[in-house]
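Structure first, then comments.
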Amino acid sequence: MTLSRFYELVQDEFGEQFSEVILSDTRLDRLADQTPRQLIQAGEDPRVIWLAICQQLNVPAERWQGRNKTPRHAE
């Protein structure tokens, strides 16, 4: 996963402002109790970080690959 895709997924899931809180303040239990920003700076794979965020913050599994942006027929 590219870093840009990682940031896109975080922002799509949590919104522009709350995503900044997630990245800076959320300590990921599964990844040495570090924040996503610290892990990125340390060179951790963004996909591993994203999945840890999803698991810790109870993001539904069907959104782990991102939200479906395809317009529905009625829209």
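The values are calculated or read from the model by the stated rules, or taken from the named source; none is laboratory data. These figures come from a predicted structure and were not determined experimentally. Cβ coordinates were reconstructed from backbone atoms using ideal geometry, including for glycine residues, and neighbour counts include every protein chain displayed.
One table, with the values for the structure above:
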read-out: Number of positions in the range 35-46 that are assigned to a helix (DSSP H, G or I) and surrounded by 14 or more Cβ atoms within 10 Å (Cβ to Cβ); value: 6
read-out: Qualifying residue in the range 53-74 (condition: modelled with pLDDT of 95 or more, over 11 Å from the mean Cα position of the chain (by Cα) and surrounded by 11 or more Cβ atoms within 10 Å (Cβ to Cβ)); value: no
read-out: Pairs where the first residue, in the range 27-40, is over 14 Å from Q55 (Cβ atoms) and the second is in a helix (DSSP H, G or I) and among the aromatic types (F, W, Y), C-beta under 9 Å, 6+ apart; value: I40/F6
read-out: Output for the range 13-25, where each listed residue is buried (at least 17 other Cβ atoms within 10 Å of the Cβ) and either of a type in the set (V, I, T) or out of contact with any helix residue (DSSP H, G or I) (no Cβ under 9 Å at 6 or more places or on another chain) (or both); value: I22
read-out: Residues satisfying the stated conditions in the range 16-34, i.e. hydroxyl-bearing (S, T, Y) and part of a helix (DSSP H, G or I); value: S19, S24
read-out: Checklist (1) surrounded by 12 or more Cβ atoms within 10 Å (Cβ to Cβ); (2) farther than 18 Å from R67 by Cα; (3) not small (G, A, S) applied to E8, failing item; value: (2)
